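The values are calculated or read from the model by the stated rules, or taken from the named source; none is laboratory data. All of these numbers come straight from a predicted model, not from anything done at the bench. Cβ placement follows ideal geometry from the backbone for every residue including glycine, while neighbour counts extend to all protein chains displayed. The area values use the complete protein model at the heavy-atom level, side chains included, leaving out ligands, DNA and RNA. Shrake-Rupley method; radii C 1.70, N 1.55, O 1.52, S 1.80 Å.
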Amino acid sequence: MLNSASVGQAESLTKLDRLKSKRRGLMIVLSSPSGAGKTTLTRKLLADNTDMAMSVSATTRAPRPGEIDGHDYFFVSKDTFVKMINEDAFLEHAKVFDNYYGTPKAPVEAALAEGRDIVFDIDWQGAQQLTQAAADDLVRIFILPPNMFELEQRLKTRAQDSDAVIAKRMAKSEAEISHWAEYDYVIVNERLETALEELRSIVITERLKRRRQLWLGPFVKALVSGET
Ligand code: 5GP
């Protein structure tokens, strides 16, 4: 049964929870060479953080089997992509392999304004550009495979790309990996569950950073004045 003290505690917790929601959203950048397990990790992170948003990029590459326009990517023509660049519609954009990829600005700004975290699956070029544009809100995470053999196996198992494309992606992997030290965190994805736990821990820790907790100032003021 609840006594008056525990009722008071329950009320203050609710108030505290409401206060805590007044925080800046994180911009979580995940980069890795293709096949390091980034997509699986991202999906799992989003599954248990339902208020977290995923940034859907625009790309000029053709959809792979099963990919859905507006969900996996916005699949656009090169003309449309150039038009979006000219309209300043991208937060960042880059050429990756032989195609163009870009992060539409508007949904990111909307999510951050609502205090929601937003996850970006972008390459090192995108991470560098976002560092210029929004360093304070950014958490940069690089995912490494445990070894190159594993990486190739994962690319082959995915089997959505031709052998020539896989060979090209393997060649590019080394270049992508060379940027690992530009990231705040590096996760070696040998066991998915461990990597996921590491990823979740990073998010929890980054959310707790003082400068992101906009509610703390008013809370402490009320705390010392005895109002809370
Ligand atoms: P994929 O074609 O395999 O989906 O993606 C190829 C690479 O492009 C991945 O490394 C992915 O992270 C990167 N990428 C996807 N969207 C964007 C984007 O909007 N900007 C940048 N810079 N890279 C992206």
- [ ] Please indicate, with yes or no, whether at least one residue in the stretch 123-133 is on the phi < 0 side of the Ramachandran plot, of a type in the set (G, A, S) and more than 7 Å from the ligand (Cβ to nearest atom).
- [x] yes
- [ ] Consider L30 carefully, then state whether it is within 9 Å of the ligand (Cβ to nearest atom), among the aliphatic types (A, V, I, L, M), under 21 Å from L151 (Cα atoms) and open to solvent by less than 20 Å² (accessible area, probe 1.4 Å).
- [x] yes
TODO: Keeping to the stretch 81-94, report how many residues are exposed (fewer than 15 other Cβ atoms within 10 Å of the Cβ) and either without any contact (Cβ under 8 Å) to a residue 12 or more places away in the chain or touching a Gly at 6+ places or on another chain (Cβ under 8 Å) (or both).
DONE: 5
Open item on the list: Condition first: in a loop (DSSP other than H, G, I, E, B) and surrounded by 14 or more Cβ atoms within 10 Å (Cβ to Cβ). Can you find one or more residues in the stretch 125-145 that meet it?
Closed with: yes
- [ ] Kindly establish whether V119 is within 12 Å of the ligand (Cβ to nearest atom) and either open to solvent by less than 20 Å² (accessible area, probe 1.4 Å) or in a strand (DSSP E or B) (or both).
- [x] yes
- [ ] Find the residue count for the stretch 168-191, including only residues that are assigned to a helix (DSSP H, G or I) and open to solvent by less than 60 Å² (accessible area, probe 1.4 Å).
- [x] 6
TODO: Consider D117 carefully, then state whether it is in contact (Cβ under 8 Å) with a residue 40 or more places away in the chain and out of contact with any Ser or Thr (no Cβ under 7 Å at 6 or more places or on another chain).
DONE: yes
TODO: Please determine, by comparing only the residues of the stretch 33-56 that are within 12 Å of the chain's Cα centre (by Cα) and small (G, A, S), which one is nearest to K168 (Cα to Cα).
DONE: S55
Open item on the list: Here's a check for you: in the stretch 49-88, which residue that is in contact with a Lys or Arg (Cβ under 6 Å, 6 or more places away or on another chain) and either part of a helix (DSSP H, G or I) or of a type outside the set (D, E, K, R) (or both) is modelled with the highest pLDDT?
Closed with: T60
Task: Residues that are modelled with pLDDT under 90 and part of a loop (DSSP other than H, G, I, E, B), drawn from the stretch 15-35 - done: S21, K22, R23, R24, G25, S34, G35
Open item on the list: I'm checking my understanding of the structure. Among residues of the stretch 33-42 that are within 13 Å of the ligand (Cβ to nearest atom) and among the hydroxyl-bearing types (S, T, Y), which one is nearest to P145 (Cα to Cα)?
Closed with: S34
- [ ] Look through the stretch 102-112, keep the residues that are in contact (Cβ under 8 Å) with a residue 12 or more places away in the chain and closer than 26 Å to R212 by Cβ, and return whichever of them is surrounded by the most Cβ atoms within 10 Å (Cβ to Cβ).
- [x] T103
Task: Pairs where the first residue, in the stretch 43-68, is more than 16 Å from E109 (Cα to Cα) and within 11 Å of the ligand (Cβ to nearest atom) and the second is in a loop (DSSP other than H, G, I, E, B) and at pLDDT below 95, C-beta under 7 Å, 6+ apart - done: R64/Q160
